[in-house]
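Since the structure comes first, as structure tokens, the remarks are kept for the end.
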Amino acid sequence: MKRSFFLMVLALLLFIGCTRARTVQKTETIMGTDVTITVTAPSTDVGEAAIDAGMAELRRLDAMMSLYKDASEITKVNLAAGKGPV
């Protein structure tokens, strides 16, 4: 009984030791600079999904707040300056 319990615990520890977290990194140019996101996740797929979500949020913010994009909210405010309340 004790021996089988010991073997189960040993097998579990070996399994846990073999399933290591993965480090995933990606770099994109957003907001006029290189943005690098590094995550540690249980799998590469989970890490890539987290990075993609982070990059999507940065692209969303860039589209909204860029001084150099014609459709950004800040550009619209700047173009309306002196013409009326914004």
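Only the coordinates and a few stated rules stand behind these numbers; no lab work does. This one's a predicted model, so the numbers in the text were calculated from it and none came from an experiment. Every residue, glycine as well, gets a Cβ built from its backbone with ideal geometry; the counts of neighbours run over all protein chains shown.
Just a few scattered comments:
- Taking a Cβ cut-off of under 12 Å around T40, the surrounding Lys, Arg, Asp and Glu residues balance to a net charge of +2, with basic ones at +1 and acidic ones at -1.
- Region 45-86: relative contact order in percent, alpha carbon pairs under 8 Å with at least 6 residues between: 18 percent
- Residue-wise HN-Hα coupling along region 37-46, computed from phi with Karplus coefficients 6.51, -1.76, 1.60 (Hz; x: Gly, Pro): 10, 10, 10, 10, 9, x, 8, 5, 4, 5
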